[in-house]
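Engineer: Okay, here's the structure, questions in a sec.
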Amino acid sequence: MQQRKNPQVPSAAASSTGDAPTGWFGRPSTARILPFAIYMAFVAVADLLQRFGWSADDLRWLYAVKIGAVLAALWAYRRSYSELGWRTMGGNVIVQSFVVGIVVLVLWVNLDAAWMLAGESAGFNPTDATGRIDWTLVAVRIAGAALVVPVMEELFWRSFLLRWLHDRQFLKVYPNQVGFVALAISSVLFGVEHNQWFAGVVAGLGYGLLYMRTGNLWAPILAHAVTNGLLGAWIVGTGAWTYW
């Protein structure tokens, strides 16, 4: 049976428990929300520290701490992610994922008209006072963006929120059952998370449709990783630090 006709099937354990009230930290929803909430909390902390006079140089290593905290949360909940159980994607799905990832990247660096932006982004500049690039910071940034962020965000935006908007018992929802309204709402919210909100909406639609079509969360994770990894390389190559 071809994979696109065999959508992700919730595990028997997940289907039977749903979002049972076993304590907030024990809920399936929490396992997918908390890593994302930690990530966003660090964004808020960085903004607050800058308002209190901390310079970008003072906060150079905050991203590494943020990624470490997110990774720790993902590891703590690793047994909760039934949708991350490895399923062979097949060449066709892998190609689709790479195509979506590359298309999103191309659109991301071009959809930058004033009305497509929400405020200004200071980005992240890994150069020192002499203009030399700190390659350790670059490596941490790209590794976090390409390896950790896609897993964390796809678990929240696609596996949880997209399905939850369709049915509160989200673990019972097959990806291809999700309707357009849930896809549209989750994509708009995904866009709002980013300074480039319009590009974010487009990316959310791309990743969401890929998940719904393949039924395999690893497909949008791979696409997201391709986008972020190549974007990091493009940023370093062009010096367009505001995209970080």
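Engineer: Out of (1) under 19 Å from the mean Cα position of the chain (by Cα); (2) under 27 Å from A139 (Cβ atoms), the odd one out for I33 is which?
Structural biologist: The number of the failed condition is (2).
Engineer: Taking into account only those residues within the stretch 53-79 that are of a type in the set (G, A, S) and in a loop (DSSP other than H, G, I, E, B), which is nearest to F124 (Cα to Cα)? Show your work before the answer.
Structural biologist: Applying the first criterion (of a type in the set (G, A, S)) to the stretch 53-79 yields 53, 55-56, 64, 68-69, 72-73, 76.
Among the residues that remain, those that are also in a loop (DSSP other than H, G, I, E, B) are: 53, 55-56.
Numbers: G53: 17, S55: 12, A56: 8 Å.
Going through the qualifying residues, I end up with A56.
Engineer: Kindly check whether there is at least one residue in the stretch 167-174 that is within 12 Å of Y211 (Cβ to Cβ), of a type outside the set (K, R) and in contact with a Leu (Cβ under 8 Å, 6 or more places away or on another chain).
Structural biologist: So far as the stretch 167-174 goes, no, none of its residues is within 12 Å of Y211 (Cβ to Cβ), of a type outside the set (K, R) and in contact with a Leu (Cβ under 8 Å, 6 or more places away or on another chain).
Engineer: All but one of (1) charged (D, E, K, R); (2) surrounded by 15 or more Cβ atoms within 10 Å (Cβ to Cβ); (3) not in a helix (DSSP H, G or I) hold for E120, so report the exception by its number.
Structural biologist: With respect to (1) charged (D, E, K, R); (2) surrounded by 15 or more Cβ atoms within 10 Å (Cβ to Cβ); (3) not in a helix (DSSP H, G or I), E120 is out only on (2).
Engineer: Would you say W86 is in contact (Cβ under 8 Å) with a residue 12 or more places away in the chain, closer than 19 Å to L210 by Cα and over 17 Å from the mean Cα position of the chain (by Cα)?
Structural biologist: Criteria met by W86.
Engineer: Output the number of residues of the stretch 43-60 satisfying the condition of being exposed (fewer than 12 other Cβ atoms within 10 Å of the Cβ) and touching a residue at least 60 places away in the same chain (Cβ under 8 Å).
Structural biologist: 0
Engineer: Which one of these does S16 not meet: (1) assigned to a helix (DSSP H, G or I); (2) over 27 Å from T214 (Cα atoms); (3) out of contact with any Leu (no Cβ under 7 Å at 6 or more places or on another chain); (4) modelled with pLDDT under 95?
Structural biologist: Of the numbered conditions (1) assigned to a helix (DSSP H, G or I); (2) over 27 Å from T214 (Cα atoms); (3) out of contact with any Leu (no Cβ under 7 Å at 6 or more places or on another chain); (4) modelled with pLDDT under 95, the odd one out for S16 is (2).
So that you can scan it fast, the table gives a plain yes or no per residue for (1) part of a loop (DSSP other than H, G, I, E, B); (2) in contact with a Gly (Cβ under 9 Å, 6 or more places away or on another chain); (3) buried (at least 16 other Cβ atoms within 10 Å of the Cβ):
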residue: I102; (1), (2), (3): no, no, no
residue: L137; (1), (2), (3): no, no, yes
residue: R158; (1), (2), (3): no, yes, yes
residue: N176; (1), (2), (3): no, yes, no
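Engineer: Which of (1) touching a residue at least 24 places away in the same chain (Cβ under 8 Å); (2) in a helix (DSSP H, G or I) is the odd one out, the single condition G191 does not satisfy?
Structural biologist: (1)
Engineer: Considering only the stretch 80-93, I want to know if a residue exists there that is of a type in the set (A, V, I, L, M), modelled with pLDDT of 95 or more and loosely packed, with under 15 Cβ neighbours inside 10 Å.
Structural biologist: Checking the stretch 80-93: not a single residue is of a type in the set (A, V, I, L, M), modelled with pLDDT of 95 or more and loosely packed, with under 15 Cβ neighbours inside 10 Å.
Engineer: If I filter the stretch 61-68 for residues that are out of contact with any His (no Cβ under 7 Å at 6 or more places or on another chain), more than 14 Å from V149 (Cα to Cα) and surrounded by 14 or more Cβ atoms within 10 Å (Cβ to Cβ), do I get at least one hit?
Structural biologist: First pass over the stretch 61-68, keeping only residues out of contact with any His (no Cβ under 7 Å at 6 or more places or on another chain): 61-68.
Within this subset, residues satisfying the condition of being more than 14 Å from V149 (Cα to Cα) are 61-62.
If we keep only those that are surrounded by 14 or more Cβ atoms within 10 Å (Cβ to Cβ) too, we end up with 62.
There is at least one residue in the stretch 61-68 that is out of contact with any His (no Cβ under 7 Å at 6 or more places or on another chain), more than 14 Å from V149 (Cα to Cα) and surrounded by 14 or more Cβ atoms within 10 Å (Cβ to Cβ).
Engineer: Restricting the first residue to the stretch 159-186 and requiring it to be farther than 16 Å from A219 by Cα, which pairs with a second residue that is of a type in the set (K, R) and crowded, with 20+ Cβ neighbours inside 10 Å meet a Cβ separation below 6 Å and a spacing of at least six or different chains?
Structural biologist: F170/R163; V173/R163
The values are calculated or read from the model by the stated rules, or taken from the named source; none is laboratory data. What you see is a predicted model; the values in this text were computed from it and never measured. Backbone-built Cβ (ideal geometry, glycine too); neighbour counts: all protein chains shown.
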